[in-house]
1. Picking from A:Leu133, A:Leu124, which residue would you name as being modelled with pLDDT under 90 and not in a strand (DSSP E or B)?
2. Can you pull out every residue in the range B:293-306 that is without any contact (Cβ under 8 Å) to a residue 60 or more places away in the chain and surrounded by fewer than 20 Cβ atoms within 10 Å (Cβ to Cβ)?
3. Out of the range B:196-227, which residues are assigned to a loop (DSSP other than H, G, I, E, B) and crowded, with 21+ Cβ neighbours inside 10 Å?
4. Can you tell me which residue in the range B:17-37 is nearest to the other protein chains (Cβ to nearest Cβ), limited to those that are surrounded by 19 or more Cβ atoms within 10 Å (Cβ to Cβ) and in a loop (DSSP other than H, G, I, E, B)?
5. Return yes when B:Val174 is assigned by TED's automatic domain parsing to the domain that holds B:Leu162, within 35 Å of the chain's Cα centre (by Cα) and not hydroxyl-bearing (Ser, Thr, Tyr) and no when it is not.
6. Just checking, does the range B:228-248 include any residue being under 34 Å from the mean Cα position of the chain (by Cα), assigned to a loop (DSSP other than H, G, I, E, B) and within 20 Å of B:Ser304 (Cβ to Cβ)?
7. Return yes or no: is A:Val87 modelled with pLDDT of 90 or more, touching a Cys at 6+ places or on another chain (Cβ under 9 Å) and assigned to a strand (DSSP E or B)?
8. Since B:Ala119 meets every condition but one in (1) in the same structural domain as B:Glu290 (by TED's automatic domain parsing); (2) exposed (fewer than 15 other Cβ atoms within 10 Å of the Cβ), which condition does it not meet?
Amino acid sequence: MKSEILYPGAFPMVRVYLNEGETVKAESGAMVAASPTIDIESKMEGGFLGALSRKMLSGEKFFFQTLRASRGAGEVLLAPTVPGEIVLLDLDGVNEYMVQKDGFLAGTEGVKIESKMQSLTRGLLGGEGFFILRIGGTGRLILNSFGAIHKIELKPNEEYIVDNSHLVAWTSTTTYNIEKASSGWIASLTSGEGLVCRFRGPGVVYIQSRNPGSFGNWIRQFIPVSE
Amino acid sequence: MTSIPNALCFGDGLPGAGAPCHVTVSADGLIMVPVGTSPLVEAAIAFTAMSVEAGGLDHDQLVVSWGVGASVRTLYLKDPALILAFRHAAPSVLMAHLERAAEQVRRVRHSHRALWGSAVGVVVGLGLLLWFGADLIVEWAVARIPVEWEQKLGETVYQDFLSKEPVIKEGPAVSAVQEMTQRMAAKIPNNPYTFQVSVVQSPVVNAFALPGGYVVVFTGLMKKAESGEEVAGVLSHELNHVLQRHGMERIVKMMGLAAVVSILVGDQQGLIGLARQLGLELATLKFGREQETEADVTGIRLLSDARIAPDGMIRFFERLSEKDKERVELFSSHPMSAARAERLKAELAALPKQTPEPFTFEWKGVQDSLGVSEAKK
């Protein structure tokens with residue numbers, strides 16, 4: 001199985017080549033086009049309850065779609081909903097990524113996805129909700145972002161501060177704490193940053209160059225209000 | 001060598017996400033073999049040269065560090081079996097470190113669990129408070145309602161009701177209920193209410209009292225009663241609903257939080273507006289069993305104080321229990337008329353004996369004025 005990013009930049013697509021019998025698991029609705037040898041199955045990862053909990057708790061899509069090359073080799077084109085870059089990550093069985101909801105685009109067979117409950121403070125204040133996706137296993141993981149994806153590499157005990165709504169994914173060797181952006185609450189709110197995450201290495205943090213929530217607020221002013 | 005990695009190694013010159021490697025526990029340390037293409041070189045790390053701690057997002061990984069300066073390497077172990085093997089093989093000097101690390105993990109887990117537990121506890125506690133403490137909250141809120149509000153509220157509904165019903169303006173029936181009410185009202189200490197009683201032409205065997213002291217008696221009740229004392233018993237019961245503010249309690253319960261908030265912020269118009277939305281439901285308010293019992297007990301005491309023969313009230317209940325199948329409407333919400341009569345008898349026995357004073361009217365004449373004799377023919 002091979003995969004490559006087409007049209008890198010704001011409007012990319014991923015081309016995944018599948019040998020006969022291979023599968024790729026994608027966010028529901030992510031498929032753009034596929035060879036006629038590819039079958040689309042809707043599969044509830046982790047069984048019905050697992051899927052339900054993922055849907056209810058992390059707000060992720062209830063179903064993943066599984067694209068299977070059941071009648072011979074073929075290719076699949078996948079794309080995310082929002083404009084933004086795509087990143088390909090290789091999982092070797094030992095590295096694990098925490099992915100905020102909406103960050104997952106696709107994963108090959110062997111990639112394991114589960115919902116993980118965050119601690120109370122992280123859940124309340126982190127901006128990703130109480131549940132995030134923990135993705136491990138082996139294979140290729142495809143993440144998408146809103147805007148460009150930026151990779152931050154942290155050495156052991158090296159720290160970095162990230163506005164929580166710009167988070168896409170981070171390795172499980174990385175810890176983080178939520179804190180106020182400025183020393184005072186008023187300054188934190190008026191600076192427009194509110195709460196930030198202080199990450200501590202070692203590991204990698206992927207952030208997106210645009211904030212979906214802020215973009216939503218900005219675009220709302222142009223939507224005519226119908227009475 | 002094996003190609004399945006079970007640990008990640010971090011350090012200068014290594015990938016940011018960590019270099020995958022395979023770690024095994026030997027007698028005197030760890031042996032690390034890089035997996036795949038990586039600048040990492042195979043190494044044996046003696047227990048004496050390393051330090052350990054807990055790390056990772058959930059503090060469930062074993063972090064092993066060694067070296068100095070730019071050559072510091074940090075290894076993250078996650079596999080539980082590997083961590084267990086390490087703990088068995090490690091010397092006691094390092095074990096102290098390890099135990100501290102494990103203790104740290106337990107503490108973090110414990111504090112997380114405690115935090116979740118207390119959050120759940122607070123939610124459950126609030127739920128229980130609302131569920132079981134609702135009555136207390138209602139009582140507390142009702143105690144804060146000024147009597148003038150109650151009167152305004154009751155009067156609004158009273159006038160609405162009377163404007164649609166055939167009211168008997170004068171005559172023996174009206175003077176009879178007024179006499180009963182006055183005699184009882186005179187015996188209520190610190191009575192903040194001015195009772196107003198109306199007689200309404202209706203076959204319904206019922207009487208009701210609105211908050212603020214507005215009482216309606218239906219002619220059906222007066223025709224059914226065998227004596228003035230029986231009607232006075234029902235009236236006494238209703239007056240006590242008013243005095244105990246049972247109506248307000250029911251209203252506040254029905255309107256819930258909105259009512260409590262209006263009371264808190266002193267929004268009289270808001271409360272009356274809310275109550276008006278309920279409209280005549282007020283008139284048919286169903287009281288709870290506890291409220292009924294309270295009104296019964298205080299009702300019979302009031303009768304006794306006013307020197308109105310209290311056995312009229314008891315007899316009325318007894319006759320109701322005989323005819324329970326007929327389901328007289330007044331008591332349809334409480335089928336235990338016989339039990340109520342028994343309770344009232346016990347209550348009456350405990351009261352000081354009073355010599356009853358008869359009413360100035362003759363009950364037969366009152367009933368005749370309502371046309372009972374013709375109805376019986």
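The values are calculated or read from the model by the stated rules, or taken from the named source; none is laboratory data. Keep in mind that what you see is a predicted model, and the values were worked out from it rather than measured. With ideal geometry, Cβ positions are generated from the backbone for all residues, glycine too; neighbour counts draw on all protein chains shown.
1. Values: A:Leu133 fails: not in a strand (DSSP E or B).
Answer to the check: A:Leu124.
2. B:Thr293, B:Glu294, B:Val297, B:Thr298, B:Arg301, listed by residue number.
3. B:Val205, B:Asn206, B:Pro211, B:Gly212, B:Gly213, B:Ala225, listed by residue number.
4. Among residues in the range B:17-37 that are surrounded by 19 or more Cβ atoms within 10 Å (Cβ to Cβ) and in a loop (DSSP other than H, G, I, E, B), the one nearest to the other protein chains (Cβ to nearest Cβ) is B:Ala17.
5. no
6. Among the residues of the range B:228-248, at least one is under 34 Å from the mean Cα position of the chain (by Cα), assigned to a loop (DSSP other than H, G, I, E, B) and within 20 Å of B:Ser304 (Cβ to Cβ), which makes the answer yes.
7. no
8. Every listed condition holds for B:Ala119 apart from (1).
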